[in-house]
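Okay, structure first, notes after.
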Amino acid sequence: MLVLFQLFLAAFAIYSAAAHEGMTRLVLLLVSLILMFIVGRLDRRESEKERARKDFLKSEIDKISQKDSTTIKDKDFFTIETLLWPKNELLLLDTVHAIFKDMGFQISAGIHYQSVDRIVRIPETKKFFGVQVMMCEREADRKHPKINRVLQFETEKKENEKSLVIASTHVRLPLSDRGQVSHISRELTDLFVQHNIGFITAHHLYGLWQKMKRGEIDIFEFFREIYSREDVISLQKGMGGLLSPMPELPIQ
């Protein structure tokens with residue numbers, strides 16, 4: 001956008017030189033040049049911020065994965081950043097939607113429900129998840145406003161539908177520190193177990209997506225297992241570490 005504005009200013013300067021004379025032409029040229037200089041400085045500043053952002057992400061990913069992150073593509077940086085350091089829940093929701101769609105699930109807005117973010121169907125089955133996407137400064141806990149929406153969906157859902165919460169937790173904490181903290185409170189764990197509500201972190205979702213793309217897991221079977229288990233929290237112990245508190249961050 002800034003580059004286009006610079007081109008516009010350059011075109012305006014050329015037009016001013018051709019269409020005006022004397023002092024008017026000099027003033028317009030000077031104003032155009034000053035504005036081009038300011039816009040150029042802003043463009044360089046934005047470029048520096050973008051490089052700093054990528055350097056930060058690479059550093060964080062290298063710390064937790066112990067792999068060289070230089071192979072990560074630009075589009076994957078955006079996905080990782082939105083999942084682990086989301087600016088808002090809307091961007092987080094859009095990214096979760098895109099990941100489920102890429103994995104081959106049928107996903108849509110919950111048009112028949114006011115209390116759910118997305119409805120996700122496991123292909124070739126009649127099993128559905130009512131998905132709530134949450135952004136948490138710390139661990140996911142009972143005080144988060146979306147928990148009431150989850151409980152409302154529990155009263156509205158059909159027999160073949162199950163609640164699934166996907167939470168991006170500790171969004172201000174460095175990746176290297178997230179393995180030492182809880183990602184769901186004890187109170188919320190008890191509530192989810194009581195109502196048979198599924199829970200995974202955004203970090204886990206990214207890891208599952210990458211494992212699926214490398215052919216390491218059958219992603220539909222994995223979510224069928226989540227759907228069928230009454231206590232999805234305990235699923236962490238039986239799935240080979242795929243739902244451990246902080247799995248290794250996969251890198252393509």
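Each reported figure results from applying straightforward, stated rules to the coordinates on display, with no laboratory input. Everything quoted here is computed from the prediction, not taken from an experiment. Positions of Cβ are backbone-derived with ideal geometry, glycine not excepted, and every protein chain shown enters the neighbour counts.
Quickly work out the Arg138-to-Glu187 label distance, labels modelled 7 Å from Cα along the C-beta direction, and quote it in nm with one decimal.
The two pseudo-label positions are separated by 1.1 nm.
For Ile38 and Glu225, calculate 0.36 nm times their separation in residues minus their Cα-Cα distance, and state this gained length in nm to one decimal.
So the chain would gain 61.6 nm between Ile38 and Glu225.
May I ask you to derive the FRET efficiency for Gln180 and Thr155 from their Cβ-Cβ distance with R0 = 30 Å, giving the value to the nearest 0.05?
Between Gln180 and Thr155 the formula returns 0.25.
Can you give the extra length, in nm with one decimal, that the chain gains between Tyr113 and Lys101 once fully stretched, where that is 0.36 nm per residue apart less the Cα-Cα distance?
Difference between extended and current length: 2.3 nm.
So who's got an amide H within less than 5 Å of the one on Met134, skipping anything under 5 residues away but keeping other chains? H placed 1.01 Å off N, in plane.
Correct list: Ile166, Ala167, Ser168.
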